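None of the figures in this text is laboratory data; all of them are computed from the coordinates on show. All figures in this text were calculated on a predicted structure; none of them were measured in a lab. Glycine gets a Cβ as well: all are built from the backbone with ideal geometry, and neighbour counts include every protein chain shown.
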């Protein structure tokens with residue numbers, strides 16, 4: 001059985017490790033057929049059913065607008081059917097098919113305006129000759145593939161996205177002279193009317209990914225600034241897409257952004273009409289050429305255009321390809337390929353045999369006898385040093401993908417971990433699998449039913465090893481060898497109290513830092529109650545045996561950290577083995593603490609402090625170097641909750657720790673953690 005809501009209600013967004021829709025499916029299916037107590041063994045033989053194998057097929061493209069129009073019209077009935085059942089309402093004003101031609105709405109204006117701090121030029125010139133020391137970058141999944149974040153540094157300057165203090169709202173990018181701390185100053189500010197999703201920097205360039213709204217339409221903007229003069233950034237490129245943001249990466253001088261745009265619009269009667277994919281480049285709006293639009297063998301999965309935009313960080317030059325898909329959610333990017341995942345819910349009962357749920361992943365259950373399952377369709381697009389993206393292959397694996405760390409590319413093979421509904425020994429339960437696909441997205445091998453009945457909480461691949469964390473009452477850390485890619489093998493399953501939400505490889509690949517929660521098993525059911533924050537240091541020996549080297553507990557039930565749901569919040573300095581983790585500390589009042597060994601459920605703590613914990617981590621465990629907070633002396637989070645002072649990012653430059661909140665950048669000595677300087681935002 002799954003943990004109860006009481007056991008897993010940690011916080012919105014982080015509580016449910018399985019996607020919300022998947023949880024809804026589990027509950028519906030459970031009501032229909034009745035859940036039984038979960039299996040506890042992990043040695044169940046792999047399923048041999050062909051229905052739990054990955055599948056692959058070719059992608060097809062359109063030759064002209066007429067062919068695309070005919071295709072969309074032929075599949076509009078299922079879109080109309082879904083909308084009639086109360087499916088998603090697509091907002092916006094995309095280009096419509098009109099007599100075989102494409103008509104466009106007005107050009108979307110740029111959302112960016114700039115304000116520059118005075119007297120910054122002289123300061124910048126004065127410190128430009130100072131060489132920057134070593135520094136930490138964004139905590140990325142793949143070395144060489146950067147991920148957008150709200151803070152970036154080049155070792156001398158900080159680029160910080162924060163809420164604007166302007167009366168007009170919006171966000172701002174503040175460019176700060178960061179090193180040396182004695183020269184701290186704001187060099188300039190770029191103000192935007194939209195919400196900043198993330199930023200990237202390259203030599204003399206700043207890319208801002210923002211989200212705005214125009215006439216009820218959500219717009220994703222890719223705004224490129226020339227920052228050769230940091231005191232006076234200039235907008236040199238603007239690509240705008242009406243749609244929703246999925247993910248982005250930067251590699252080899254190009255930003256690759258994945259954005260989705262509805263492929264149908266609906267009138268007041270719910271009738272579906274196909275629309276063209278379009279974008280606006282430097283004020284000029286145009287539809288994508290049909291040759292750059294592809295579709296997968298599953299023709300019904302065409303509710304969205306999933307667009308991969310390639311933008312040169314040097315020039316702003318843009319190219320775009322698009323695939324007709326269902327709603328995408330997860331992206332993994334290697335040093336040569338982009339993998340995009342979307343869910344494919346199969347439903348075998350509906351009027352007129354229309355699979356009405358394929359457009360947004362919604363579930364339409366018409367009778368308890370309906371058979372339903374979920375697959376994940378994944379398409380692979382290659383990219384090269386010239387920024388050209390080519391969609392190469394598409395495949396499908398059973399189940400749902402947890403997050404980007406559930407995927408990995410190794411020696412030309414693609415590895416992916418999934419969770420799915422399964423029937424094992426006649427019992428309905430949840431199962432976790434790992435599949436290995438080749439570059440054609442065809443299955444090479446699979447390791448199924450890793451932990452029947454347990455939820456998938458964390459996955460990390462490193463070299464020829466893979467690590468999977470599942471949880472029900474204890475945390476089994478599975479170490480999987482891919483040395484023989486055709487026969488992955490579980491080498492060990494380490495069971496410890498609690499669970500890890502995030503795994504960070506340390507010292508190569510033989511050690512792992514786990515960030516999660518401590519737990520206590522319930523005495524009345526197959527679930528556990530979460531407690532405080534738990535850091536674990538795991539070691540995996542050469543023979544595959546695993547051990548829990550050391551644990552560090554922080555706070556009581558209710559203690560939280562953004563690292564649990566956002567790996568970008570963790571800072572790791574491998575040169576000094578220093579790890580920085582933002583923490584919201586909760587403590588249970590003494591009057592509520594039980595004198596006994598346990599309470600059911602354990603009492604919830606009150607938030608009393610927010611800041612960052614600074615650790616040195618080596619092969620023997622954790623050493624707490626200290627903590628920092630931006631709250632003034634005599635105040636703490638419990639006295640005056642103020643989100644503007646909550647530390648959510650940190651950077652190490654030389655011998656200094658820079659902690660960043662929405663209100664300020666604080667500089668601390670890394671040796672003493674004493675405050676050296678602050679810079680208001």
Worksheet item: At a Förster distance of 41 Å, what's the computed FRET efficiency of residue 620 paired with residue 593, Cβ-Cβ distance as r, to 0.05?
Response: 0.85
Worksheet item: At q = 0.14, 0.17 Å⁻¹, what base-10 log of I(q)/I(0) does the Debye formula yield for the range 184-291 when every alpha carbon is treated as an equal point scatterer in vacuo?
Response: -0.65, -0.89
Item to complete: Fewest Cβ neighbours within 10 Å first, please rank 592, 454, 409 accordingly.
Response: 592, 409, 454
Item to complete: Mind putting together the pair-distance distribution for the range 540-635? All Cα pairs, 10 Å bins, whole percent per bin, short to long.
Response: 13, 35, 33, 17, 3, 0
Practice prompt. Any chance you could run the full-extension gain for residue 675 through residue 547? It's 0.36 nm times the residue separation minus the Cα-Cα distance, nm to one decimal.
Written response: 42.3 nm
Discussion item. Based on alpha-carbon atoms only, what is the radius of gyration of the range 526-587 relative to the globular estimate 2.2 N^0.38 Å?
Written reply: 1.33
Response to the item:
If R0 = 41 Å, then residue 286 and residue 413, at their Cβ-Cβ distance, give a FRET efficiency to the nearest 0.05 of 0.60
Item to complete: Take the Cα of residue 236, step 7 Å along the line toward its Cβ, and report every residue of the range 310-345 whose backbone nitrogen sits under 19 Å from that point.
Response: 310-319
Fill in: Distance between the range 175-213 and the range 268-335 - C-alpha centres, whole angstrom
28 Å
Worksheet item: What ranking of 150, 176 emerges when the number of other C-beta atoms within 10 Å of each C-beta is taken as an exposure proxy, fewest first?
Response: 150, 176
Worksheet item: What is the calculated FRET efficiency for residue 61 to residue 143, with r their C-beta to C-beta distance and R₀ = 45 Å, to the nearest 0.05?
Response: 0.85
Fill in: Estimated inter-spin distance, residue 600 and residue 215, nm [label 7 Å along Cα→Cβ]
6.1 nm
Worksheet item: For the range 153-233, what is the Kirkwood hydrodynamic radius in Å, using each pair of distinct C-alpha atoms?
Response: 13.2 Å
Worksheet item: Computed on alpha carbon atoms, what radius of gyration and Dmax characterise the range 454-583, expressed in Å?
Response: 14.7, 47
